[in-house]
Each structure stands twice: as C-alpha cells, then as structure tokens.
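Structure, as structure tokens:
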Amino acid sequence: MLLRFNTVERIFTKWQVGLRLLLCPLGSNIVIRTACCSVGIALPVYSTFKAIERKDQNEQQRLLLYWAAYGSFSIVEVFSDKLLSWFPLYYHVKFAFLVWLQLPSTDGAKQLYMNHLRPFFLRHQVRIDQIMGIAYGEMLKLISAHQTEIQFARNVFVKIMGAADQMLRGAMKPDQPRQNTAIEGPLRSPDTHSDHHND
C-alpha cells in the first residue's frame, strides 16, 4: 500500500511540475524565449519575403544588414549561451537587443554593421577568404564521398514529406489501404555479400 502511495505521489509531483511550467512560463523563460525566436527569426523571415516580392531595394538592404548582424550574434551566442543564460533576465536583454537591431528608428543592425562588423571583415578579409575556401573545398569532398548517404537521406525526407502532405490533405484514411511507403536504402552489390559468407 505504501509503495502504491509513493508511486501516485511521484506521478502527482511530475504533473505539478509540468503544470507550473505551463502556467508560470516566466519562471522557465518559455514565453521570453519564444518571443526571442519570433522577433529574431519569424518576423524578419516574413519581412524578407515581403521585401523580395515587392522588389523594395531599401528594405532588402535593411534586412541584409539585419541578417548579417543576427548571424554574427548567433555565432557569438553559440559559444556564450550556456554561460550567459544562467544570468537573470538574459533572455529579456536578448529580446531587447533583437528589437533594437530591427527598429527603423534606432537602425541598430546598421550601427552594428558599420561600427563593428564591417571594420572587422575589412581588416581580416584575406584570411577569412582563405579559411572559407578551404572549408568549401572540404565540404565538397565530404559531399562527393557520401553521395549515396545523402541521396538516401533525401529519399527519406521526400517520403516523409509526401506522407505528411497526404495526411494533411486527408488522402490517407484509416479504412483505405495504405500505399507502399517503405524506404529503401542503398543497394549493395552481390559480391559484397559473398565476401562475408566466404569467411
């Protein structure tokens, strides 16, 4: 009886923690992190789409500056996020920074680009171009060496997206027979199997 009570108590405690996270999201930073993602990525992506479709050169230039600033910030954040996220109000400061980058009245992205990014890249352009050239060459070698695996991953992705599209359109109903959605891997030549059997 005591064992059953302890199990029920543990389950209740887990539910309680889950409810606290949902009902008090400020303590767990869920709301502010979602706001950072929305303001930092979702809104600029849609604004970029609109600027491209309208062929608005000024807005495209402003958004290019934003993406350069945001990308640079993201690189720095990869290395500092685990440390800085422990500080109180870190995500609130990050949110304010992302808003500052985008506001036309402050022109934060342009300021960051002109005062910090542009001078840095101009000073180190030759070395960065060398590093990027080496990295690009290595990436091409990696891709060509793993072409079969990449094609397999592409096929998996296409099958998953096709199945999801069918489900969203209501084409796959439980009473209808399902199509063959097996994912086939790379074919092996017959002589590779014979090597293992001959040992």
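The values are calculated or read from the model by the stated rules, or taken from the named source; none is laboratory data. Model, not experiment: these values are computed from the prediction. Here the Cβ positions follow ideal geometry from the backbone for every residue, glycine too, while neighbour counts run over all protein chains shown. Areas reflect the complete protein model, heavy atoms only, side chains present, ligands, DNA and RNA absent. Shrake-Rupley method; radii C 1.70, N 1.55, O 1.52, S 1.80 Å.
Do you know which residues across the stretch 77-94 are open to solvent by 90 Å² or more (accessible area, probe 1.4 Å) and farther than 21 Å from V31 by Cβ?
From the stretch 77-94, those open to solvent by 90 Å² or more (accessible area, probe 1.4 Å) are 78-79, 82-83, 86-89, 93; that's our starting set.
Result: V78, F79, L83.
Where residues in the stretch 146-192 are charged (D, E, K, R) and surrounded by 11 or more Cβ atoms within 10 Å (Cβ to Cβ), which of them is modelled with the lowest pLDDT? Break it down into steps so the answer makes sense when it comes.
Filtering the stretch 146-192 for residues charged (D, E, K, R) gives 149, 154, 159, 165, 169, 173, 175, 178, 184, 188, 191.
If we keep only those that are surrounded by 11 or more Cβ atoms within 10 Å (Cβ to Cβ) as well, we get 149, 159, 165.
On the way: E149: 90, K159: 92, D165: 84.
Top of the filtered list is D165.
With the structure loaded, tell me whether K94 is touching a Cys at 6+ places or on another chain (Cβ under 8 Å), modelled with pLDDT of 90 or more and not small (G, A, S) or whether it fails that test.
Working: touching a Cys at 6+ places or on another chain (Cβ under 8 Å): yes; modelled with pLDDT of 90 or more: yes; not small (G, A, S): yes.
Taking the combined requirement at face value, the residue satisfies it.
If I ask for residues that are in contact (Cβ under 8 Å) with a residue 60 or more places away in the chain and either surrounded by fewer than 11 Cβ atoms within 10 Å (Cβ to Cβ) or of a type outside the set (A, V, I, L, M, F, W, C) (or both), which ones from the stretch 95-145 would you list?
Across the stretch 95-145, the qualifying residue is only Q102.
Does Y70 qualify as being at pLDDT 90 or above and either among the aromatic types (F, W, Y) or surrounded by 14 or more Cβ atoms within 10 Å (Cβ to Cβ) (or both)? Give the steps one after another, and end with the answer.
Details: at pLDDT 90 or above: yes; either among the aromatic types (F, W, Y) or surrounded by 14 or more Cβ atoms within 10 Å (Cβ to Cβ) (or both): yes.
So Y70 passes the test.
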